[in-house]
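The values are calculated or read from the model by the stated rules, or taken from the named source; none is laboratory data. Because the structure is predicted, anything quoted here is derived from the model rather than measured. Every residue, glycine among them, receives a Cβ derived from its backbone with ideal geometry; neighbour counts consider all protein chains shown. All accessible areas refer to the heavy atoms of the entire protein, side chains included, with ligands and DNA or RNA removed. Shrake-Rupley method; radii C 1.70, N 1.55, O 1.52, S 1.80 Å.
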Amino acid sequence: MRVLGIESSCDETGVAIYDTEQGLLGQALYSQVEMHARYGGVVPELASRDHVQRVLPLVRDVMEQAGTHPEQLDGIAYTAGPGLAGALLVGAGVARSLAFGWDLPAVAVHHMEGHLLAPLLEPNAPAFPFVALLVSGGHTLLLDAQGLGNYAILGESVDDAAGEAFDKAAKMMGLGYPGGPRIAGLAQQGAAGRFRFPRPMTDRPGLDMSFSGLKTFTLNTINDLGGKEALSEQDRADIARAFEEAAVDTLVIKCRRAVEQTGHKRLVMAGGVSANRSLRAKLGEQMAKRGVELFYPAPQYCTDNGAMIAFAGALRLQAGESAELPIKVRPRWPLTELAGL
Ligand code: KG4
Ligand code: ZN
């Protein structure tokens, strides 16, 4: 089965073709990061307009790369939510229209299920069941993944997503957008122990998380040093290091509890923040001690991409699913309600 996938939920237009026999045949990604960087974050209206311009040329490019004609496709998958309504509608509209024109089934994919399944694109793919840590700019979730489409929420952030906290802290330090990779880069030059940030909600039982306190702590630390303008390069690096350590430790502590609670021997991590090297290293070390195997996608599949949508769509189409004719998106879509778009 060969599926074209389209991702347009936020600030990346991603297109890919996945073949269940041959794997990934082609992919292309256009990131709007530079356009939004000027504003310090994603501007939804600009995002939608840019997806309109990018998506069809990317589809053509990927069809060519994959040497695929429309009649060789078995379906078209698109991200139907969660995400920015206008941005989602662009991908959904194009995907549904192509599917109608080419007489193919279309399948609506949940963006977070796309992230969740991305590690299965790797050669050493994890088998179900596993604990999944989904850490992106919009969501922070710990799940018990029992099988395709069968995900129970073990815990989630009660306020900011982990990636959002990275982005906001970076903005406070004047590092620009997106903040995660910038904080991670700077943290490498940071001195250990100069600042110690709290590990929120780790002193009580449970798997819910909170990241907005780290943001406040960052702001207070910056103010104590005389404000953003007064920060030296070393101050920034030291704050970045303390912030990253706190965010990573918090995620690691919650993952440890989740594998203890479920007894699963596999932990799958995905979403933009899973590209973080310190998180990969610390989580890997802690899981190895417990005989738990850690899986994560290649860096290009941690952040938003079309491959994960084509792949999730192929699995769902194989399972006999396809979308009805009306073009529908669901900007707020709980991962536990996959049956009801
Ligand atoms: O999954 P993603 O591309 O988009 C969403 O679905 O939100 O995740 C983007 C998020 C951003 O908040 C970005 O700052 C964060 O992932 N991120 C990172 C790193 N790379 C991306 N956070 C920490 N360390 C990184 N290396
Ligand atoms: Zn994402």
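Here are some residues: Ala319, Ala310. Which one is open to solvent by less than 40 Å² (accessible area, probe 1.4 Å) and in the same structural domain as Glu21 (by TED's automatic domain parsing)?
Working: Ala319 fails: open to solvent by less than 40 Å² (accessible area, probe 1.4 Å).
Matching residue, one of Ala319, Ala310: Ala310.
In the stretch 1-29, of all residues being open to solvent by less than 10 Å² (accessible area, probe 1.4 Å) and among the polar types (S, T, N, Q), the one that is farthest from Thr68 (Cα to Cα) corresponds to Ser9.
Conditions tested, residue by residue: (1) surrounded by fewer than 22 Cβ atoms within 10 Å (Cβ to Cβ); (2) under 20 Å from Pro331 (Cβ atoms).
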{"site": "Tyr78", "(1), (2)": "no, yes"}
{"site": "Pro82", "(1), (2)": "yes, yes"}
{"site": "Val107", "(1), (2)": "no, yes"}
{"site": "Asn124", "(1), (2)": "yes, no"}
{"site": "Leu143", "(1), (2)": "no, no"}
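Regarding the stretch 136-145, can at least one residue be identified that is more than 16 Å from ligand 1 (Cβ to nearest atom) and without any contact (Cβ under 8 Å) to a residue 40 or more places away in the chain? No, every residue in the stretch 136-145 fails to be more than 16 Å from ligand 1 (Cβ to nearest atom) and without any contact (Cβ under 8 Å) to a residue 40 or more places away in the chain. Pairs are defined by a Cβ separation below 8 Å, a sequence spacing of at least 6 or placement on different chains, a first member in the stretch 237-248 that is in the same structural domain as Ala170 (by TED's automatic domain parsing) and assigned to a helix (DSSP H, G or I), and a second member that is hydroxyl-bearing (Ser, Thr, Tyr) and within 12 Å of ligand 1 (Cβ to nearest atom); the pairs so defined are Glu244/Ser278; Glu245/Ser278; Val248/Ser278.
Being within 20 Å of the chain's Cα centre (by Cα) and away from ligand 2 (no atom under 16 Å from the Cβ) is the filter; apply it to the stretch 254-278 and report the residue that is most open to solvent (accessible area, probe 1.4 Å). Full working, then the answer.
Step one: list which residues in the stretch 254-278 are within 20 Å of the chain's Cα centre (by Cα), which gives 254-255, 258, 266-278.
Narrowing the set further to residues that are away from ligand 2 (no atom under 16 Å from the Cβ) leaves 254-255, 258, 266-267, 277-278.
Details: Lys254: 2, Cys255: 0, Ala258: 0, Arg266: 65, Leu267: 0, Arg277: 183, Ser278: 34 Å².
Filtering the stretch 254-278 for residues that are within 20 Å of the chain's Cα centre (by Cα) and away from ligand 2 (no atom under 16 Å from the Cβ), the one most open to solvent (accessible area, probe 1.4 Å) comes out as Arg277.
The residue list Gly193, Gly174, Gly179 contains one member that is open to solvent by 30 Å² or more (accessible area, probe 1.4 Å) and without any contact (Cβ under 8 Å) to a residue 40 or more places away in the chain, which is Gly193.
Can you tell me which residue is farthest from Ala47 (Cα to Cα) among those in the stretch 77-116 that are among the β-branched types (Val, Ile, Thr) and more than 12 Å from ligand 1 (Cβ to nearest atom)? Let's see the steps before the verdict.
Our first condition is that a residue be among the β-branched types (Val, Ile, Thr); within the stretch 77-116, this holds for 79, 90, 94, 107, 109.
Going one step further and asking which of them are more than 12 Å from ligand 1 (Cβ to nearest atom), we end up with 90, 94, 107, 109.
On the way: Val90: 10, Val94: 15, Val107: 23, Val109: 20 Å.
Applying the filter and picking the extreme gives Val107.
Of these, Glu156, Glu164, which one is in the same structural domain as Val248 (by TED's automatic domain parsing), in contact with a strand residue (DSSP E or B) (Cβ under 9 Å, 6 or more places away or on another chain), open to solvent by 10 Å² or more (accessible area, probe 1.4 Å) and part of a strand (DSSP E or B)?
Numbers: Glu164 fails: part of a strand (DSSP E or B).
Criteria check complete, one pass: Glu156.
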